[in-house]
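K.L.:
Got a structure for you, written out below as structure tokens; questions coming shortly.
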Amino acid sequence: MPKNVRKKILVADDTEVFRELGSAFLARLGTILTASTGSEAIEIARREQPAVMIVDFNMPDMCGDNLCRAVKADRDLHRTPVLLVISGQCAEDHARAVRAQADDILTKPLSRIQLGLSVSRLLGEERHLALTRVPLEENVRVRLVRANASSWGVMRDVSRGGIFVESPGKLPIDTEIDLDFRLPNTRKSLRPTAQVMWTGLHPKTRAPGMGLRFLALDRSSTHQIDSFVHQFTSPRSGKLAATAATS
């Protein structure tokens with residue numbers, strides 16, 4: 001694409017104020033298109049071929065996860081990144097967004113900075129297309145969802161999308177588990193569900209373990225993780241040692 005051609009960004013939300021806010025936040029990144037329904041969003045996307053889509057999870061004619069599935073199944077749109085925006089009131093909405101193959105998930109109220117960073121990443125302007133991992137060392141309890149069995153491991157890094165747990169035991173890919181852990185300098189435990197995405201050696205420590213992707217994640221936990229990751233990745237923090245990799 002020629003450098004002088006602005007990329008198209010499609011904002012789909014049935015609430016006008018959120019369409020206007022999204023458009024204002026993202027205007028510097030590209031040409032903004034808007035849609036008020038899921039069906040209108042698909043129609044515009046097929047016609048305009050946007051570089052990225054920002055989709056509200058709760059729309060009257062089509063839930064955001066179903067719209068995301070429709071995009072991913074479309075022959076002409078399947079490579080289009082989709083960012084789903086959830087309310088965060090229901091932790092399972094996050095899991096539904098993950099299962100719909102959303103390329104990123106943000107929680108309301110939207111942070112202007114986080115929205116801009118996420119869209120920039122999906123547009124490819126910040127070439128680290130994977131979510132940034134922050135290294136840490138914290139104990140984490142792992143419990144099988146469908147069995148009365150639990151064990152302890154060591155969390156070696158965290159991203160907005162998931163964690164790596166160092167553990168000698170390996171679970172099958174796609175196994176769903178409950179997690180219980182704390183971030184450094186916090187008192188409240190986070191208890192999301194997660195899914196095993198891969199097993200193997202940690203890229204840095206070379207210790208065996210599992211890469212886990214968050215599924216059900218409530219608003220409070222999301223904001224805690226976002227804030228923790230952001231303090232290590234903000235240019236003003238001086239803590240840019242975190243490596244980019246997928247969970």
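K.L.:
Which of the numbered conditions does HIS94 fail, given that it passes all the others? Conditions: (1) surrounded by fewer than 21 Cβ atoms within 10 Å (Cβ to Cβ); (2) closer than 25 Å to THR186 by Cβ; (3) of a type outside the set (A, V, I, L, M, F, W, C).
P.N.:
Result: HIS94 passes all but (1).
K.L.:
If you check ALA12 against the conditions, is it of a type in the set (A, V, I, L, M, F, W, C) and touching a residue at least 40 places away in the same chain (Cβ under 8 Å)? Explain how you work it out, then say what you get.
P.N.:
Working: of a type in the set (A, V, I, L, M, F, W, C): yes; touching a residue at least 40 places away in the same chain (Cβ under 8 Å): yes.
When the stated conditions are applied, ALA12 passes them.
K.L.:
Another question, if that's okay. Restricting the search to the range 11-57, which residues are part of a strand (DSSP E or B) and either among the hydrophobic types (A, V, I, L, M, F, W, C) or not assigned by TED's automatic domain parsing to the domain that holds SER87 (or both)? First the steps, then the outcome.
P.N.:
Of the residues in the range 11-57, the ones part of a strand (DSSP E or B) are 11-12, 31-35, 52-56.
Across the range 11-57, the qualifying residues are VAL11, ALA12, ILE32, LEU33, ALA35, VAL52, MET53, ILE54, VAL55.
K.L.:
Given the options THR37, THR31, THR15, name the one that is modelled with pLDDT of 90 or more, surrounded by fewer than 19 Cβ atoms within 10 Å (Cβ to Cβ) and within 15 Å of LEU110 (Cα to Cα).
P.N.:
On the way: THR37 fails: within 15 Å of LEU110 (Cα to Cα); THR31 fails: within 15 Å of LEU110 (Cα to Cα).
After ruling out the rest, the residue left standing is THR15.
K.L.:
What's the number of the condition ASP61 fails, among (1) assigned to a loop (DSSP other than H, G, I, E, B); (2) at pLDDT below 95; (3) surrounded by 20 or more Cβ atoms within 10 Å (Cβ to Cβ)?
P.N.:
With respect to (1) assigned to a loop (DSSP other than H, G, I, E, B); (2) at pLDDT below 95; (3) surrounded by 20 or more Cβ atoms within 10 Å (Cβ to Cβ), ASP61 is out only on (3).
K.L.:
Could you tell me which of the residues LEU83, LEU67, LEU26, LEU110 is out of contact with any Pro (no Cβ under 9 Å at 6 or more places or on another chain), in contact (Cβ under 8 Å) with a residue 24 or more places away in the chain and under 18 Å from ASP218 (Cβ atoms)? Spell out how you get there, then give the answer.
P.N.:
Numbers: LEU83 fails: under 18 Å from ASP218 (Cβ atoms); LEU67 fails: under 18 Å from ASP218 (Cβ atoms); LEU26 fails: under 18 Å from ASP218 (Cβ atoms).
Residue meeting the stated conditions: LEU110.
K.L.:
Could you check the range 1-45 and list, in sequence order, the residues that are within 14 Å of VAL82 (Cα to Cα) and out of contact with any strand residue (DSSP E or B) (no Cβ under 8 Å at 6 or more places or on another chain)?
P.N.:
Correct list: ILE42 only.
K.L.:
For ILE113, state whether it is of a type outside the set (Asp, Glu), modelled with pLDDT of 95 or more and in a helix (DSSP H, G or I). If you could, list the steps in order and put the result at the bottom.
P.N.:
On the way: of a type outside the set (Asp, Glu): yes; modelled with pLDDT of 95 or more: no; in a helix (DSSP H, G or I): yes.
No.
K.L.:
Could you please find all residues in the range 196-223 being of a type outside the set (A, V, I, L, M, F, W, C), over 14 Å from the mean Cα position of the chain (by Cα) and modelled with pLDDT of 90 or more?
P.N.:
Taking the range 196-223 as the starting set, the residues that turn out to be of a type outside the set (A, V, I, L, M, F, W, C) are 199-200, 202-206, 208-209, 211, 213, 218-223.
Restricting the remaining residues to those that are over 14 Å from the mean Cα position of the chain (by Cα) gives 199-200, 202-206, 208-209, 211, 220.
Hits for the range 196-223 are THR199, GLY200, PRO208, GLY209, GLY211, SER220.
K.L.:
Continuing with this model, one more query. Would you please list the contacts, defined by Cβ atoms under 8 Å and residues six or more apart or on different chains, that run from a residue in the range 186-202 that is within 19 Å of LEU217 (Cβ to Cβ) to a residue that is loosely packed, with under 13 Cβ neighbours inside 10 Å and at pLDDT 95 or above?
P.N.:
If the second residue must be loosely packed, with under 13 Cβ neighbours inside 10 Å and at pLDDT 95 or above, no pairs are left.
K.L.:
Among the residues in the range 64-84, are any under 13 Å from ASP13 (Cβ atoms) and part of a strand (DSSP E or B)?
P.N.:
For the range 64-84, residues under 13 Å from ASP13 (Cβ atoms) and part of a strand (DSSP E or B): present.
K.L.:
Just one of (1) in the same structural domain as ASN66 (by TED's automatic domain parsing); (2) touching a helix residue (DSSP H, G or I) at 6+ places or on another chain (Cβ under 8 Å); (3) modelled with pLDDT under 95 trips up ALA102, so point out which.
P.N.:
For ALA102, the failing item is (3).
The values are calculated or read from the model by the stated rules, or taken from the named source; none is laboratory data. These numbers were taken from a predicted model, which means no experiment stands behind them. All Cβ positions, even for glycine, are placed from backbone atoms using ideal geometry, and neighbour counts span all protein chains on display.
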